[in-house]
Amino acid sequence: IPTNLSAEQKQSALLCLLDIIFAYVYDHRTTDGDPSVESSWTVMILSPTLSWLECYNPPYDTTADVICWSIRRSLIYPYLRSYDLAKHIAEDVCEIMKRGRRTVIRCLLQLHKIMEQSESHYLFNKLYIDPLIGWIQQCEEDEVQQIGDALEQLLTAKGSNSSDVLGKQHLDLDLEDIEK
C-alpha cells in the first residue's frame, strides 16, 4: 500500500484492516491462540477483504457496516456460530485497535505466520498482509486508535433498538425469530 494515500483511501484501508483483524481474532479466540490446519480457511472465509477482495468506499461504508458484516459472516460460515461470541470478538477487536499500531502489527505478524503455513492461502501474504504491515507502520497512532474509539461507541450504544446498530435485529438474519 502506498504511503501517500488520500484521507478516503486511508479510511478504506483501515476498514479492510478492521475486517481482517476481526477474522484473525475469531480464529485466535476459537483456537485459544493455537492455530489449527483450518485457521487460514477460517480467516479467509470471515474476511470479505481476503475472501472476495472487498474494497470499502468511505463515506458509504462505515465502521458500523464493516463490524455488522463481520458479525454476520461469523454467524453464517464457520463451524462455531454464536452471536455472543461474535460480540466478544468485536470487543476484542476494539481493544486491539485502541491499543494502537504495535498491537495491530503483532496480530498481523501472527496472521502472516498462519497464512504462510497454508498450501493455498500463502499468496495472500504478498497481496494483503505484507503491504498492510508496511503501511500500518507509516500510519499515525491516532488513526488506528480512532477506529477503536468508533467501535467502542458502537459497542456501548444501548437503549432503543434503532441505536443498537450491532443488535440482532440489524443483522438481517431473523435471529430473533429463529430463537423463538
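Rounded to 0.05, the FRET efficiency of the residue 76 and residue 137 pair, given R0 = 30 Å and the Cβ-Cβ distance, is 0.35. Accessible surface calculations at 1.4 Å, restricted to protein heavy atoms, place the chain at 53 Å² per residue.
In the range 70-170, a dipole from Cβ-located charges (positive for Lys and Arg, negative for Asp and Glu) runs towards its positive end, and of 79, 127, 148 it is 79 whose Cα lies farthest in that direction. Estimated at the nearest 10 Å², the accessible area of residue 124 is 40 Å² with a 1.4 Å probe. Return the carbon/sulfur percentage of the accessible area of the chain, one whole number, probe 1.4 Å, all protein chains in place. Using a 1.4 Å probe with all protein chains present, the chain comes out at 49 percent carbon and sulfur.
Only Lys, Arg, Asp and Glu carry charge here, each on its Cβ (+1 for the first two, -1 for the last two); on that basis the chain has a dipole of about 260 debye about its Cα centre. Along the axis of the charge dipole computed for the chain (Cβ charges of +1 for Lys and Arg, -1 for Asp and Glu, origin at the Cα centre), the listed residues 169, 117, 13 are led at the positive end by 117.
Accessible area per residue (1.4 Å probe, heavy atoms of protein chains only) ranks 49, 31 as 31, 49, with the largest value leading. Modelled this way, with points 7 Å down the Cα-to-C-beta line, the labels at residue 31 and residue 110 are 1.1 nm from one another. Residue 147 sits with roughly 10 Å² accessible to a 1.4 Å probe, with DNA, RNA and ligands left out of the calculation. The accessible area of residue 126, taken with all protein chains in place and a 1.4 Å probe, comes to roughly 150 Å².
Straightening the chain between residue 157 and residue 53 buys 34.4 nm, computed as 0.36 nm per residue apart minus the Cα-Cα spacing.
The values are calculated or read from the model by the stated rules, or taken from the named source; none is laboratory data. Every value quoted in this text rests on a predicted model; they were computed, and no experiment measured them. Using ideal geometry, Cβ is built from the backbone for each residue, glycine included, and neighbour counts are taken over all protein chains shown. Each accessible area value is taken on the protein alone, full model and side chains, heavy atoms only, with ligands, DNA and RNA left out. Shrake-Rupley method; radii C 1.70, N 1.55, O 1.52, S 1.80 Å.
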